Amino acid sequence: MRTDIFARLDREPEPPKIETPRMSPHRIALFGGTLAFYLAIVIAVLMSSWLVTLDWKVMLFRPYQQWPGIHAFLDYYVVLGQRGPTAVMVACWLGWRSWRQHTLRPLLTLGASLLLLNVTVGAVKIGLGRLGPHYATQIGSAELFAGGDIFPSGHTANAVVTWGILAYLAATPRARRYLSAMSAIVSLGVGLTTVYLGTHWLSDVVLGWAAGLLILLGLPWVEPLITRAENWIFAAREWLSARGRTVAPQPAPAGAPRPATAGLPSMGDAAQGSAREPAGAGGHQTTVVTATGGRPRAHTAPPAHPGHTARSERTPVTPAGSRRPPHTERTPRGGAAPARPVAGG
């Protein structure tokens, strides 16, 4: 019995399919507005505008010193934005949904979103090279192109994508509303926590929110690739299963008896009739004549054990005496009749 996840998927009834979001005009408008906001934040930081001044004011305020009582709690809360732990938690939930709903789309969607997150956010981080508040060198400077990697905030963008994917894959509109509100609260809290701890500028967090939202809004464009990947995985699984059921012939080991070949007579040919001829004291030869008039095949029987005669050469053994009582008056068969006395003179 198969115990893999695909066998379990085959045994489950087909549930209602998850509704795939489409690029509606409303979603396209949101994507365009978020992209414009994203570019505005990048330009404002590049020009060292009022946004950079606000970053320095918040940094010099040092929130972690103003409210030290919540520092320990926020150290644990910020883990909700780390990619490793959150990806494992969400992948477990989506894996269970894939198991129950007979589809790999939830897991593939999560993988595609995380891949897009790494490519887009990572490229901007490396390209701009901004230093964090703890490593700033000049007050009022944007600290760009200095070898850093904190702009935009990876924790914030990851929180938006990882928890927002649950709302994106929701099966009902009501569940989508609740999960959207939950993911917004979590991602908002993670971003502000990084500002409190002093690991990110405020503009880093704002740009991280916009980066994560762009990925969620643009996922419907990736849906055709996700569908192709799912079909390819199931097709490969069927091919491997069919190949596993095909048993390849194994070569016979040395010294093992070989199976009967086509040259030997069949049972039908042997039942047609046979003629036997004595072959001398050493053995006998058997000639099999097929019903189709083919060439006769001769088989030589093994020689008899030395010291024993063949059955045809043995003398018949008669009993030592007859079981019937002797009759003196009965004439033996084939013998001469006894002489009778002549009556008279």
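Some values worked out for this structure:
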| quantity | calculated |
| --- | --- |
| Simple spin-label estimate for TRP221 and VAL79 in nanometres, 7 Å along Cα-Cβ | 3.6 nm |
| PHE151 long-range amide H proximity, modeled H, under 5 Å | ARG130 |
| Segment 132-192: chymotrypsin sites (Phe, Trp or Tyr not before Pro) falling in loop per DSSP and having at most 14 other Cβ within 10 Å | PHE145 |
| Trypsin sites (Lys or Arg not before Pro) within segment 17-77, DSSP loop, no more than 15 other Cβ atoms inside 10 Å | LYS17, ARG22 |
| Charge context of LYS125, other residues only, Cβ under 14 angstrom, K/R +1, D/E -1 | -1 |
| Sequence-distant residues sharing a close amide H with LEU104 (under 5 Å, placed H) | none |
| Net charge of Cβ neighbours under 10 Å - reference ASP149; Lys, Arg +1; Asp, Glu -1 | +2 |
| ³J(HN,Hα) computed for each position of segment 53-70 - Karplus, 6.51 cos²θ - 1.76 cosθ + 1.60, integer Hz, glycine/proline x | 4, 5, 4, 5, 5, 5, 5, 6, 5, 6, x, 5, 8, 6, 10, x, x, 9 |
| Surface accessible to a 1.4 Å probe, MET23 within the full protein complex, Å² | 40 Å² |
| Segment 221-234 - phi-based ³J(HN,Hα) in whole Hz, Karplus 6.51/-1.76/1.60, Gly and Pro as x | 5, 8, 4, x, 5, 5, 5, 5, 5, 5, 4, 5, 5, 5 |
| Heavy atoms of HIS71: accessible area, 1.4 Å probe, square angstrom to 10 | 60 Å² |
| Length-normalised contact order for segment 23-130 - Cα pairs under 8 Å, 6+ apart - percent | 8 percent |
| Rounded accessible area of GLU238 (nearest 10 Å², 1.4 Å probe) | 100 Å² |
| Ranked order, SER180, SER113 - accessible area, probe 1.4 Å, largest first | SER180, SER113 |
| Pair ALA87, SER49: separation of 7 Å Cα→Cβ label points (nm) | 3.4 nm |
| Cβ-placed point charges (K, R +1; D, E -1), dipole of segment 66-175 about Cα centre in debye, nearest 20 | 500 debye |
| Solvent exposure ordering (accessible area, 1.4 Å, most first) of THR86, THR103, THR20 | THR20, THR103, THR86 |
| Cβ-derived FRET efficiency at R0 22 Å, ASN118 paired with ALA29, nearest 0.05 | 0.25 |
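The values are calculated or read from the model by the stated rules, or taken from the named source; none is laboratory data. Please read all numbers here as calculations on a predicted model, not as lab measurements. Positions of Cβ are backbone-derived with ideal geometry, glycine not excepted, and every protein chain shown enters the neighbour counts. Protein only, heavy atoms only, side chains kept; ligands, DNA and RNA dropped before computing areas. Shrake-Rupley method; radii C 1.70, N 1.55, O 1.52, S 1.80 Å.
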